[in-house]
Amino acid sequence: MDRSRAALDRSLRLLTAACLGTTLAMSAGCLWLSRCPDPWSEPRSHALGVDAGIHALVVVDTYAETGQAPQAVVVGARGLVAVIERGGAQRVAQPTELALRGASGSATRLVAVGDAGTVLVSEDRGATWTPRSAGTKADLIAVARFEAEPELADRFVALASDGSVRGSTDGAMTWFELRAPEGGWGRLRAAASVGDRVWVVGDGGRAWSAPAPEGPWTREPVDTEADILGVSSCFDYGRREGEAVEGRAVLVLAGDALLLRKMPDTDEADSGTWSPFELDGEGKPVAIGGQQVAMSSGDVVTIHDSISQWVSGRMAFVPTAVGGTHARAWVGGDGGQVQVMDHQYCIGGRPWVIEGEAVVASLEGGSLDALPERAQLWLRDGLVEHASVASFARSGLELMALGAPPRLVQRALAAAGDEVEHARLCFELAARDGAVAQPGPLPLGRGQPRVDPVDVALRLFEEGCIGETVAAAEAGVAAQLVDDPAAREALETVAADERRHAALAWDSLAWLLREGVRDGASRARLRAALERRVARLEGAGVYLARTEDDAEAHGRPGRALRQRIARRSARELIVPLARALTRAPSPPRAPS
């Protein structure tokens, strides 16, 4: 067994004992905080082996139903239909010579539609496809699944080139024509599931939505007369009656503009109002699917929610179809080209965050440039540890505001004291190489807002339970690998403290789930949000920001080793502990 593996094994054993020996909880600390210069991975190609243009691409999220990772369904010319699993396994078929133009599905059933009324159904994740009759010979250009009542049989709607709309209530086995609304459907171009409804959209700004094929179908007043080429949705967050809520905002690609409408269950004042969504990518939008928009330049933009977006990457080809989630983007083009990009979760310790940005103090009394590499690394670490003092102090205040037991508040404040000592050790080690700089003023941001227990818990999980657990494992490995005796002694102190901080993080989260989030509906919403985050972590894996700190002799594990630490921490600690917490029954509350 190599030295680094033995060090990692020992570090995880100690960390496991610390986290399980306390109960399960929250907090922070921060060694080697990494900012993500490239939050998305480089595009990776999937060779389908078929020279056929891609017409549609849809990602079917089956995790909630089967525990399996999402899969991409790709359809195109010459009867191409391919199902690609997250791990890269793919099943490519050409069950017809006719072009396929739309796809949809669930964990148990995939549906592809195309020219001359073609309907293909797979009940084995794309291994085999069975033709069904749509009751028409018109080309079918799009299909969408209704998700309002998932316990019922899969229900679908398909758009035909002759202007009709067809529906199925038995899993795409049989189809019937829907009764057109007064004035007709108009020329429709696209269909998609948005929240608990399916939207169908088309020329002249026409849009309709319904919770089921039978209706009732409601005309949606989109603020445009342009042809709507596609419809999708993204996360949306807001408040209703004083409570934080999560919903879906509607996105429509109208001409060369993207329009957004907040959902009614988020912000009542804004719901129903359409507004332009300015995309960061270059060129004009040419396709939309899932939470992705493809641009004429080849840029792919991922829209996380109603205010935030990323340019996930640029394709070497012009995209013709796009789809995915906020964590993974799939892109298709001519010649059977399919590429995928993953969001790279940045793993670090507990940062001091102001308005979504990790902040540290400036250096005063000296510059990094003229110092040896070892001194620069220790000074950077010292600034991060210095900022963690504020993070723990805030955590203590939030726990007090939520009525946490004194033991958790006391441990949070003690952790802040640990970070003061960690910062002192880092600056002391840097001083051996002539560094005289010290931290300057730390930005504090605005005053303390009202404490929302759900927001506190979600931030706690992200920054404490994920970030601090991985940081504690890194510190334990670094303490065993470093050659410098003084650095080893300092890192052993840091590693022991960080293990306690990780345990505090899990303990605090356990208390919030058990007692701190007092409202039953809020507690259920928190558990659901944590389950989704754990599923993403489990499915997408753990990615690290690129880093130049590849000097193990100075107490910095190299990138490959850091990746191993992060993945094993997630697999062996974070995911199992989080699942145990979210699935544990809530104790009954005493009557007031």
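The values are calculated or read from the model by the stated rules, or taken from the named source; none is laboratory data. The model shown is predicted, which means the values in this text are computed figures rather than measured ones. Note that we place each Cβ from the backbone using ideal geometry, even for glycine, and neighbour counts take in every protein chain shown. Note: accessible area is taken over every heavy atom of the protein model, side chains too, but ligands, DNA and RNA are not part of it. Shrake-Rupley method; radii C 1.70, N 1.55, O 1.52, S 1.80 Å.
General remarks:
- Qualifying residue in segment 368-384 (condition: open to solvent by 10 Å² or more (accessible area, probe 1.4 Å), in a helix (DSSP H, G or I), within 21 Å of Asp452 (Cα to Cα) and assigned by the TED database to the domain that holds Pro453): no
- Subset of segment 212-237 that is open to solvent by less than 40 Å² (accessible area, probe 1.4 Å) and not in a strand (DSSP E or B) - its residue that is modelled with the lowest pLDDT: Gly215
- Filtered residues of segment 261-289 (kept if open to solvent by less than 30 Å² (accessible area, probe 1.4 Å), of a type in the set (Gly, Ala, Ser) and modelled with pLDDT under 90): Gly281
- Test result for Asp162, open to solvent by 30 Å² or more (accessible area, probe 1.4 Å) and under 19 Å from Leu229 (Cα atoms): yes
- When the criteria are applied in full, Val517 meets the requirement of being in contact with a Pro (Cβ under 6 Å, 6 or more places away or on another chain) and at pLDDT 80 or above.
Table: residues versus (1) out of contact with any Ser or Thr (no Cβ under 8 Å at 6 or more places or on another chain); (2) modelled with pLDDT of 80 or more; (3) of a type in the set (Phe, Trp, Tyr).
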residue: Leu481; (1), (2), (3): no, no, no
residue: Thr493; (1), (2), (3): yes, yes, no
residue: Glu498; (1), (2), (3): yes, yes, no
residue: Ser508; (1), (2), (3): no, yes, no
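- Residue-level analysis places Glu419 among those that are in contact with an Asp or Glu (Cβ under 6 Å, 6 or more places away or on another chain) and touching a residue at least 24 places away in the same chain (Cβ under 8 Å).
- One residue from Ala486, Ala457, Ala479, Ala473 being surrounded by fewer than 24 Cβ atoms within 10 Å (Cβ to Cβ), among the hydrophobic types (A, V, I, L, M, F, W, C), in contact with a Leu (Cβ under 6 Å, 6 or more places away or on another chain) and in a helix (DSSP H, G or I): Ala479
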